[in-house]
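To keep things clear, I will list the structure first and then write my remarks on it.
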Amino acid sequence: MSELTKNVQPLEDFNWDEFENGTVANVAKEDLDKAYDNTLNKVADHQVVDGKVVSVDKKEVVVNIGYKSDGIIPATEFRYNPDLKKDDIVEVYVESVEDRSGKLILSHKKARLSKAWDRVNQALDEQQVIQGFIKCRTKGGMIVDVFGIEAFLPGSQIDVHPIRDYDQFVGKTMEFKVVKINQEFRNVVVSHKALIEQELEAQKQEIISRLEKGQILEGTVKNITSYGVFVDLGGVDGLIHITDLSWGRVDDPKKVVELDQKINVVILDFDEEKKRIALGLKQLTPHPWDALDANLKVGDHVTGKVVVIADYGAFVEVQPGVEGLIHVSEMSWSQHLRSAQEFLKVGDEVEAVILTLDRDERKMSLGIKQLKEDPWEAIEVKYPVGSKHNAKVRNFTNFGVFVELEEGVDGLIHISDLSWTKKVKHPSEFTKVGEPIDVVVLDIDKENRRLSLGHKQLEDNPWDAFEEQYTVGSVHEGKITEMLEKGAVVQLDENVEGFATPKHLVKEDGSQAQQGEVLPFKVIEFNKDSKRIILSHSRTFEDVQRDEKRAARKAAATQAPRAAKKDETPKIENVAASTTLGDIDVLAQLKAQMEKGE
């Protein structure tokens, strides 16, 4: 007999026959089964019930719901609650009372989900503090398991301090407040920062109430931005604006302070209502202007580095915190106001002359053109009237061309001084910006820094020769090159043009001359001063016809006395009446020539 059965004694009055027939002590076996079933909970599939934790390990949690068997739930469904222990009451969802193996199948996750949405809405309405399990990182924040729902925790809502390492929070269970719910898409946003802010609010109020302007405090650099540095003063933050970090210019605050660095700051200003505190760092050191050399004066030369540049000028740091402005007009003797970027760039080391110095206002103006001699001081020596030079075309106006002889010395060629013969409507027809052009100095206005220049004066005036060639009455062949409203431009020679009005463009057949035609033209007016030649095509044949008529009338006049003798009829000759139209025309021309000679 084994150790397990040697002390076991059979019941003397047990009736094996009744047991085998299904009855015990006059009670049917079915009644016994029914009585046993009544001691168990009534459990149906797909319902949520409370259960008691029987045991907990790394892989599974055993839960008793008062049924004839216990259910097993994966431990992963309880990750949000790392403090789960034996005898805790948890909600479970009955997936199946018996599966194929006769096991009770439970789910804690589904039980939470069935009531999660109601709980989340209740937590938002009542501003409840809830627990959540941070599952993983996502773009812009974290995913948190709240009542089985995946909620979004923005990175800015994790802590009051900026978070640089999100991974340190993955797998942690933390307290949160529901701050936003999108009912349509069932999106939930939670915040841990809101809980911290509530705790810090009273602490901040107390700290701010003790602040005073000018007070010096120790703080810790908690965040660095492009516009300044945030400093933790022990529960409340203050901002050092980038302009208050150093007396010198700061382009990057990271060059002045580092994250988590302990620094002393001074309270510049604060707003109790908005809880904003303005801090200063440079104010803890003397102003550089106070340490500026007392012997420094206007006219002295200084050296420095270009720290800021704009179109109107450049700021040069002559020593840390002490800057001077070189206006663009003080960069060159040129009268053309250009951009400072054409002369300097940030980082350049430059030498300059002090033009103005105001220690009270802490302002200094500098110049670099003063390092060179002013070209206008001896302008009449280098560019005397009548001297010839080569210049560069800078720009045009309707009345002329502005050229540069050297840096700071400009001049104007009037449109009338570009060519002796060519009629220039706009200077762009004659030259181009940037091209070289030969000039002669016509006049100097030293006071206003202006030179009058000429280009055509480099050659002799061809109109002296034209005066002899194109005399009034002479006939020349010309080509109509342009038709205008008031007449036509006629090309007589390569460099000579004339003008004919419409009435002088009528041809012998009565038609009007057209552009491109080559015809004979008679000079009817020549003006050397205004460089004008008036032509007529019509007069070339009209004058011939007039001469023929005049000759005919003269012949008739000589034959008239002879006829009178034959007829012996005395007649009185009217001398005035015998003057022909042709004679009058010749007399008119003679008179015009005499007047011109006078």
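The values are calculated or read from the model by the stated rules, or taken from the named source; none is laboratory data. As the structure is a prediction and not an experimental result, all values here were calculated from the model. When we count neighbours, we look across all protein chains shown, and the Cβ atoms used for this are built from the backbone with ideal geometry, even at glycine. Note: areas computed on protein heavy atoms with side chains; ligands, DNA, RNA excluded. Shrake-Rupley method; radii C 1.70, N 1.55, O 1.52, S 1.80 Å.
Screening E497 against (1) within 54 Å of the chain's Cα centre (by Cα); (2) free of Cβ contacts under 8 Å to residues at least 60 places away in the same chain leaves a single unmet condition, (2).
Taken over the range 371-388, the criterion of being at pLDDT 85 or above and touching a helix residue (DSSP H, G or I) at 6+ places or on another chain (Cβ under 9 Å) is satisfied by K388 alone. Go through the range 130-158 and count every residue that is open to solvent by 40 Å² or more (accessible area, probe 1.4 Å) and closer than 22 Å to G235 by Cα. Count: 2.
Under the condition of being touching a residue at least 24 places away in the same chain (Cβ under 8 Å) and of a type in the set (A, V, I, L, M, F, W, C), the residues counted in the range 372-399 number 6.
If you check L451 against the conditions, is it surrounded by fewer than 15 Cβ atoms within 10 Å (Cβ to Cβ) and either within 30 Å of S334 (Cα to Cα) or at pLDDT below 80 (or both)?
no
Filtering the range 285-304 to residues that are part of a strand (DSSP E or B) and surrounded by 14 or more Cβ atoms within 10 Å (Cβ to Cβ) leaves V302, G304.
With respect to (1) out of contact with any helix residue (DSSP H, G or I) (no Cβ under 6 Å at 6 or more places or on another chain); (2) farther than 30 Å from Y166 by Cβ, the lone exception for A75 is condition (2). For the range 57-93, the set of residues classified as open to solvent by less than 70 Å² (accessible area, probe 1.4 Å), in a strand (DSSP E or B) and hydrophobic (A, V, I, L, M, F, W, C) consists of V61, V62, V63, I73, V90, V92, listed by residue number. Does F521 meet the test of being aromatic (F, W, Y) and either assigned to a strand (DSSP E or B) or in contact with a Lys or Arg (Cβ under 6 Å, 6 or more places away or on another chain) (or both)? So F521 fits the description; yes. Residues in the range 511-550 that are under 15 Å from Q469 (Cβ atoms) and open to solvent by less than 50 Å² (accessible area, probe 1.4 Å): F521, K522, V523, F526, N527, I533, L535.
Could you grab the pairs with beta carbons closer than 7 Å, sequence gap of 6+ or different chains, first residue in the range 111-129 and touching a residue at least 60 places away in the same chain (Cβ under 8 Å), second one open to solvent by 70 Å² or more (accessible area, probe 1.4 Å)? Filtered contacts from the range 111-129: V129/E175.
Annotation: of all residues in the range 223-253 being open to solvent by less than 30 Å² (accessible area, probe 1.4 Å) and farther than 29 Å from V308 by Cβ, the one that is modelled with the highest pLDDT is L233.
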